[in-house]
Amino acid sequence: MALKLIIGNKNYSSWSLRPWIALKAAGIPFEEQTIALEAPDFKAQAYAASPAGRVPVLIDGDAVVWESIAILEHLAERFPDRGLWPSDLAARAHARSLATEMHGGFGALRSAAPMNLWRPIEARPMPDAALKDVKVLSHRWAEARGRFGQGGDFLYGSFGAADAMFAPVATRLRTYGIAMDATTQAYVDAIHAHPAFVAWKTLALQETGIVPEDEVDWPVVKRV
């Protein structure tokens, strides 16, 4: 039975991007359904799909999985040959720790710089708390790359679940023109160049639905 991933708007839904890009990068076939975030009945549709009333949601036969990190763990369990987590024990422990930290942390950056893929790259002032998040992120990424990432352009060499968790952050750093050191910039560039991300962004730029709370220039909507 085919997997089904229920997501929100590609332009805005950072949590939806995470399992979607992991599935694409790993070559795992799936069906896709979008529930528009701006739809008046969004909550009703979302609650019909999962008890959390949010997206994304993965449907795998009788299994219903919500929360992006839980979806990634489910996929890694179902498809152990796809390399979503590193094979090395220490690298895998590090990757899981980073992914979990992303799931529950960096709220200041996420609040100040919502994912918005059609916004032109344009710097804007960031609060100190958001810049502190960027500093921590840069340190975490540099550590992962230095210890485990020599085999490729991503945190643990090849693209995996941890990179999927951080992909939306990479877009935030670029979209809002946030200053980066060379290692951070190289990682952000690698995320943006990955074919799965390119495919997501191409579709995102074709969308028309607007979510005002994710438009930091509101009531102006800036589009590339």
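The values are calculated or read from the model by the stated rules, or taken from the named source; none is laboratory data. Values in this document were obtained by computation on a predicted structure and should not be read as measured data. For neighbour counting, all protein chains shown are included, and Cβ atoms are generated from backbone atoms with ideal geometry for every residue, glycine included. Heavy atoms of the whole protein, side chains included, go into the accessibility calculation; ligands, DNA and RNA do not. Shrake-Rupley method; radii C 1.70, N 1.55, O 1.52, S 1.80 Å.
The Cα center of region 124-142 and the Cα center of region 156-216 differ in position by 15 Å.
Compared with the direct C-alpha span, the chain from ALA70 to PHE42 gains 7.9 nm at full extension, assuming 0.36 nm per residue. Among residues other than HIS139 with Cβ under 14 Å from its Cβ, the summed charge is +1 (Lys and Arg +1, Asp and Glu -1). With the highest mean first, a sort of the peptides 29-40, 202-213 on other beta-carbon atoms found within 10 angstrom per residue produces 29-40, 202-213.
Of the GluC sites (Glu not before Pro) in region 64-148, the ones in a loop by DSSP (not H, G, I, E or B) with at most 15 other beta carbons within 10 Å are GLU122. Lys and Arg at +1, Asp and Glu at -1: add these up for the other residues within a Cβ distance under 10 Å of ASP189 and post the number. Residues close to ASP189 contribute a combined charge of 0.
Using C-alpha pairs under 8 Å with a sequence gap of at least 6, the mean separation divided by the residue count of the chain gives a relative contact order of 25 percent.
Computed over protein heavy atoms with a 1.4 Å probe, the accessible surface of the chain works out to 45 Å² per residue. Calculated mean residue ellipticity at 222 nm for the chain: -15500 deg cm²/dmol, from DSSP H runs with n ≥ 4 weighted as -39500 (n - 2.57), summed, divided by the residue count and rounded to 500.
First compute the accessible area of the chain with a 1.4 Å probe, then give the percent of it belonging to carbon and sulfur atoms. For the chain, the apolar C and S fraction of the accessible surface comes to 55 percent. In a fully extended conformation the segment linking GLU77 and LYS222 would gain 48.1 nm over its present Cα-Cα distance, using 0.36 nm per residue.
Charge tally around TYR156: other residues with Cβ under 10 Å, Lys/Arg +1 each, Asp/Glu -1 each, net +1.
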